[in-house]
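This report refers to the structure that appears directly beneath it.
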Amino acid sequence: MHNNLVILAGGASSRMKKEVAVDNLTTEEIAQANERSKGLIGVGPNGRPLLDYLLLNAKKAGYKNIYIIIGEQGDLFKEFYGNKTKNNNFHDLNISFATQYIPKNRVKPFGTADALYQAVEQYPELNSQSYSVCNSDNLYSTAALLALRESIITHAFIAYDRDSMEFPLERISRFAIAKLNQKGFLLDILEKPTAEILAEYKDSEGKLRVSMNAFKFDGKLIYPYLKNCPVHPERQEKELPTVLLNFLQEHPDTALGIPFSEHVPDLTAKEDIAEVKEYLKNHYPELNWEN
């Protein structure tokens, strides 16, 4: 069991900043969507950001050390969660910040694997420990985060039942699907699956499983693969699924897909803001940090 959670929050939020016609958002909400990192958009009943709710669930799951990976212009995170680079106390969570720097030859961050690599370079203690990793713009449940924390397998990820996702079918069909063997270990992750091959990716229960970037890694074992992660030929980014799949080529049956059937609120685009606000209003009427 480990106590470290790394939260990916250094992305460019390109889809959120895209201009779209929305008639259910206030001027302030649109401004936040255009200017803030997605996890800092005020979607709570009291205007607090989505990241508060993720941190709340992490605390309930027993995590102690939180590493938030921010961009070079990520000072707003420190206004919310502590002005020091390391060891801020936020409701008894120990919060530290890692910065994902953009290479000189790029205008956008270099992907999730690059973000995690830069974080473990800045906090090398993670390379001798296990840790979980997740997005800042998804609200993972306490149960899912606890399952990662309690996993005794070398590596693990939450393998969500695609049919449990409360998204439009068009959106769900674009999610990457995971192929598991009969014991539940990861064999492959397929981006943009076609309808013709879906049957080949069903698990032993007949379910299609998707990854929402919620992982548990052994820091020592995964480090060389993080450091040497190749660039995806289409998206031109270094991505965590690539890291894990490259590791599995040499170490098969070491990444367990933990099955979960539940919705994961997602704050990707402006169209998601109203839905996430409604979800929080119904499921988190107040932020209770004491229980």
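Since every read-out is calculated from the coordinates, none of them should be taken as a lab result. Just so we're clear, the structure is a prediction, and the values are computed from it rather than from any experiment. Because the Cβ atoms are built from the backbone with ideal geometry, glycine has one as well, and the counts that use them run over all protein chains shown.
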For segment 168-223, which trypsin sites (Lys or Arg not before Pro) are in a loop by DSSP, counting at most 15 other Cβ atoms within 10 Å? ARG174, LYS183, LYS202
Checked segment 153-197 against the a/c 1.5 cut and the a/b vs b/c comparison, axes a ≥ b ≥ c from its Cα gyration tensor; verdict prolate
In order through segment 83-98: 3J(HN,Hα) via Karplus (6.51 cos²θ - 1.76 cosθ + 1.60), integer Hz, x for Gly, Pro: 8, 8, 5, 10, 6, 8, 8, 10, 6, 6, 8, 8, 9, 10, 10, 10
Explain nothing, just compute: Karplus ³J(HN,Hα) = 6.51 cos²θ - 1.76 cosθ + 1.60, θ = phi - 60°, for every residue of segment 31-42 in order, whole Hz, x for Gly and Pro. 4, 4, 4, 7, 10, 9, 4, 4, x, 9, 5, x
With viscosity set to 1.306 mPa s at 10 °C, what whole-number translational diffusion coefficient in µm²/s follows for segment 4-283 from Stokes-Einstein and a Kirkwood radius over Cα pairs? 83 µm²/s
Neighbour count of at most 15 Cβ within 10 Å plus DSSP loop: longest chymotrypsin sites (Phe, Trp or Tyr not before Pro)-free window in the chain: 102-288
Can you compute the helix-only [θ] at 222 nm over the chain? Use -39500 (n - 2.57) per DSSP H run of at least 4 residues, normalise by all residues, nearest 500 deg cm²/dmol. -8000 deg cm²/dmol
Collect residues whose amide H, placed 1.01 Å from N in the peptide plane, falls under 5 Å from the amide H of PHE90; neighbours closer than 5 in sequence don't count. ILE95
Per-residue HN-Hα couplings for segment 263-276 [Karplus 6.51, -1.76, 1.60; θ = phi - 60°; Hz; x = Gly/Pro]: 7, 10, x, 10, 10, 9, 10, 4, 5, 7, 4, 4, 5, 5
Per DSSP, the loop-located GluC sites (Glu not before Pro) within segment 127-182 having at most 16 other beta carbons within 10 Å are GLU166
To the nearest 0.05, how large is the calculated FRET efficiency for GLU19 and GLU262 if R₀ is 41 Å and r is the Cβ-Cβ distance? 0.80
Non-local amide H neighbours of ALA214 (under 5 Å, H modeled in plane, Pro and chain starts lacking H): which ones? ILE158
At 0.36 nm per residue, minus the direct Cα-Cα distance, what do ASN105 and THR194 gain on full extension? Give it in nm, one decimal, please. 28.6 nm
Between THR85 and ILE152, how many nm apart are label points set 7 Å from Cα along the C-beta direction? 3.9 nm
Under 19 Å from the TRP289 label point (7 Å along Cα→beta-carbon), backbone N, segment 36-61: 39-61
Cleavage-rule hits, GluC sites (Glu not before Pro), segment 238-291, DSSP coil, Cβ neighbours within 10 Å at most 12: GLU286, GLU290
